[in-house]
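Derivation of every value follows stated rules applied to the coordinates shown; laboratory data play no part. Only a predicted model underlies this, so the values are computations on that prediction, with no experimental measurement involved. As a convention, Cβ positions derive from the backbone with ideal geometry for all residues, glycine included, and neighbour counts pool all protein chains shown.
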Amino acid sequence: MCGIIGYVGTKNAVDVIFNGLNKLEYRGYDSAGIAIVTSKNKLLIKKSIGKVDNLKKKIEKYPIFANIGIGHTRWATHGKSSKKNAHPHVDHKKNIALVHNGVIENYSELKKDLKKSGCKFISETDTEVIVHLIKKNYTYSLFNAVRKTLNVLTGSYALGILYKNEPDRIVCVKQDSPLIIGVGNNENFIASDISAILPYTRDMIFLENGDIAEITMDKIIIKDVKNNIKIRQIKNIKLKIIDVKKNGYNHFMLKEIFEQPSIVENILKDKIINDKDNKVLINEFKIKGNDIINVSNIYIVACGTSYHSGLVAKFLFEKFVKIPTEVDFASEFKYRDPILKKESLVIIISQSGETADTLSSLRIAKNKGCKTIAICNVVGSFISREATYVLYTHCGVEKSVASTKSFVGQLTILYMLVLEFLIKREIFGNYEIKKYIKELVKIPSKISEFLKETKSVTKIAEIFKNKKNCLYLGRHINYPIALEGALKLKEISYIHAEGYAAGEMKHGPIALIDKSMPVVVIAVESKIYQKIISNIEEARARGGIIIAIASKFDKEIIHKSDHVIYVPRVNEFISPFLTVIPLQLLAYYIAVLRGCNIDQPRNLAKSVTVE
Ligand code: AGP
């Protein structure tokens, strides 16, 4: 995680760095720092804990100007969020400054050796060893000192380095953490991602692993660790600059929840077409027929909320397409030697397209010769560029760290992908395709219907805002929604919540239930409705306070529960679209009442780029 940026040119580097850091804050916001070389050849470092704006306010009191500088926004891996652990880190003479995104895995041994040779450490970070090593390896050029240093580093790192005695250049390195160079006119940039420098240039170089670059205002030299020149293409990025606003909502999360009907509608509009004979066709995902027909089994790999959308898809692939489907956390998949055959299809789901574990899982699948489909939201992200096929959710920028609209976007794409399989494998004829689509097209208006009247949710939020724990139960296709509801509550309100398969509760978690325990149960119409009712009875018998998510017009549920949130009636197989919305809102309103930071909850980052 962490975001890094660097600038050399004729503008004020401080302004460019702050603009960039604001864009990079989704990668972490534990602390921020900048280093510049002033016109008097002084290396000036400023750091602050917390958000980038804290640092900005501090600096605004004493404005500074420089033509070169580097900046960092941190998500703490080694060492707590503190000023001394904030980047940039410096050598003991404060001549070299360095920013880092990634993890140095062998930092303990390196630190031990450096300490033996008299080196004094200021921070608890893994990063600080790098700057001391560069200092130690320096003879005549920063570039060569960095090159030499890389030989002993293990782990992932994107680095930006500034040396006051070579005040016209930044040296940067990429190894398993993203880094791009922005090519400008009499100015050049480095950044963790495009968005940070897009207002200044559209010409970008995507550095590859092992690349070391030296940038001055008019020159870019890229080499490898053996000093061989590397030629990298300059790509012109066509992306629009989107300045995302709250549009009158108090938080991005709420705005994004309310965007969900139009997200589903747009995906469906884009994917479903009627030909002139009024036959329903799917606007192809451009996946080759054979890459669908020959699939023997499916692995869906993702993290967090994206993993939950994968769990819903498992039900669909197995129920309709009859393909064995496994869903794995990316962090588990990559270390457990999954049995991948050439005919195994690996579906990678990631909003950001950048999650480190998900990206390395994709690479494992590719190395084993599997076809891969990436479902991403961020266009041009690493995962989207490396997969065999990419299906974009086109949800627009998701600013809130807690994912909502990207989940519903992923679900919509997955439901369409399942349909693509059903058509290509000739499981569905035209009649069944139409029937399937008929259900899907109801989703936007049903979500809107629910969002028009959310009083029941705010009322329940008020009652439960001070609880310490909460259980979420669901079964079958709504089991993943119970997990997602619990995740939302945990991450933004800091209330401990457990998502559980309702039938599994009596095998342990039921011991947690007493009269103070809220139990949110997804109990919409389905073929297992009566089973869920039995689970509600079991929880009630132990004193649990039942909050049911039920289908409108369900007359039985009110007698079985303490509180009910009714959602519009839909076919069971699309019910996750409806059941997740009240759970997102419940978490939101509880977090608001508790005074939490909704869009940037503590300890989190939007993109998890470390393993
Ligand atoms: C969800 O609210 C979380 N912020 C988190 O679990 C997220 O879904 C996870 O980190 C995966 O991110 P990705 O979809 O960008 O890969």
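Structural remarks
- The mean sequence distance of close C-alpha pairs (under 8 Å, at least 6 residues apart), as a share of the length of the stretch 358-430, puts its relative contact order at 22 percent.
- Dipole moment magnitude, nearest 20 debye, the chain about Cα centre, only Lys, Arg, Asp, Glu C-beta charged: 1240
- The chain shape via C-alpha gyration tensor axes, a/c threshold 1.5: prolate
- Sites matching GluC sites (Glu not before Pro) across the stretch 155-216 that sit in DSSP coil, with at most 16 neighbouring C-beta atoms within 10 Å: 208
- Report note on the peptides 363-370, 66-73: ranked by the mean count of other C-beta atoms within 10 Å, highest first, their order is 66-73, 363-370.
- Once C-alpha pairs closer than 8 Å and six or more residues apart are averaged by separation and normalised to the residue number of the chain, the relative contact order reads 11 percent.
- Per residue Cα convex hull volume in Å³ - calculated over the stretch 371-507: 174
- Residue among 457, 401, 437 farthest towards the positive dipole end of the stretch 376-486, charges placed on Cβ: 457
- Computed from point charges on the beta carbon alone (+1 for Lys and Arg, -1 for Asp and Glu), the dipole magnitude for the stretch 328-475 about its Cα centre is near 280 Debye.
- Mean Kyte hydropathy of -1.0 or more with a Cα span along the axis of at least 24 Å, helices from DSSP in the chain: 405-424, 575-593
- Diffusion coefficient, µm² s⁻¹, Stokes-Einstein with Kirkwood Rh over alpha-carbon pairs of the stretch 532-611 at 25 °C and 0.890 mPa s: 161
- Qualifying chymotrypsin sites (Phe, Trp or Tyr not before Pro) in the stretch 308-390, where qualification requires a DSSP coil assignment and no more than 13 other C-beta atoms within 10 Å, comprise 335.
- Scoring 569-579, 463-473, 242-252 by mean Cβ neighbours within 10 Å over their residues and listing the highest first yields 569-579, 463-473, 242-252.
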